[in-house]
Every structure is written in C-alpha cells, then in structure tokens.
Amino acid sequence: KERTILNFMDARCIDIKAMVKDPAYIRDIVLKENYSFTRNETQIDTYFKVKDGRFKFREGVNNELIYYERANTAVRNAEVKVVSDLPTELKPVLEQAMGISCVVEKHREQYEKNNVYVRIDEVKNLGTFLEILCYDKNQGLNLEKQLEKLKKQFNIQNEDLIPESYSDLIMQKEV
C-alpha cells in the first residue's frame, strides 16, 4: 500500500488552543462563516518516549505517525512531519522499541476554510477544546494577524489560551 508522507517544512504553521465552554457557539460561527466540515472522528494518540519533540502514532480514519517540535507557548509554531496510511501492527513495535509516555483519546470535529483549520476536540479526562491552525505555503500571508482576527471572531481572550499539548495536560493530571 502506498504511504502518504506529508512534510510541512515548506509551510509555516501557527496554532492556538483554548478551553471551550460552549461548542455550539463555535459550530454556529463556522456555519455562519462558510467553513467546510471535513472531519468527524475518534482519534487515539499514543505518544512515545523521545529525547526531543513529540512523536506519536495516531489511530483514526487513517493511521498516522506524527513528529513535531515546538515550544509550549500560547501561539505555537511547529514543523510537523506526518506519514499516513500505516498498518495498525506498527504501533506495538514502536511501543516495545520506544516505550509509551502517554495516550490521548479524543473526538475531533474539523472545519476548513482557505488556509485555516478549526477543530473542536473532546478530550477524554480533560474536556472540550478549540484549536485554530493557520498555515502559509510561501504565499506571504501574515499568519499572526490572521490568527488575531480569528481569536476575536471566536471570542478567545489571551488568558483563555492553553500553551501545553494534550499529552502534557494528561501527564500533569497523572502526577
């Protein structure tokens, strides 16, 4: 089976995450703003122990291996590498070779418009979150300005932003 390798090195990505009290409010905005509904799935992310960055096997509609490095800041820049359409049998091999740092289970709704993904994630044992990701494939877009506009549109205040990844939040809860 042919594998899909996505390398976002040629695109600049920034994103934010915030806790959501009313997911229906977010859905109303994406509907009003003509976003396309692109994903509705349960995802299980198994994070492996690595020296740098984050490395996970995602089980969902398509199994994916995802690696990225980024700082825990409110507005996050990341270089992401993804390999898609992997066999489920790869996961136990990685578990044995690397060890598991944590598992994150979530249900994701995803909406897309132009260069923006809006995601509503219901994360087991954490709650409901909004993620907004903007990317630029060498088009000269001002992503920071675009993200500020989206924060206003979705009524997100700076104090609502969560810099940690879901894996960090899960591991903090387990301590």
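Of note:
- Only residues that are surrounded by fewer than 17 Cβ atoms within 10 Å (Cβ to Cβ) and in contact (Cβ under 8 Å) with a residue 40 or more places away in the chain were counted across the range 156-167, and they come to 4.
- Of all residues in the range 1-13, those being open to solvent by 30 Å² or more (accessible area, probe 1.4 Å) and modelled with pLDDT of 80 or more number 0.
- Failed item in (1) out of contact with any Ser or Thr (no Cβ under 8 Å at 6 or more places or on another chain); (2) open to solvent by 60 Å² or more (accessible area, probe 1.4 Å); (3) of a type in the set (A, V, I, L, M, F, W, C); (4) under 17 Å from residue 168 (Cβ atoms), with residue 129 passing the rest: (2)
- The range 14-54, residues that are among the hydroxyl-bearing types (Ser, Thr, Tyr) and open to solvent by 20 Å² or more (accessible area, probe 1.4 Å): 25, 35, 36, 38, 42
The values are calculated or read from the model by the stated rules, or taken from the named source; none is laboratory data. Only a predicted model underlies this, so the values are computations on that prediction, with no experimental measurement involved. In this analysis, Cβ positions are derived from the backbone assuming ideal geometry, glycine residues included, and neighbour counts consider all displayed protein chains. Protein only, heavy atoms only, side chains kept; ligands, DNA and RNA dropped before computing areas. Shrake-Rupley method; radii C 1.70, N 1.55, O 1.52, S 1.80 Å.
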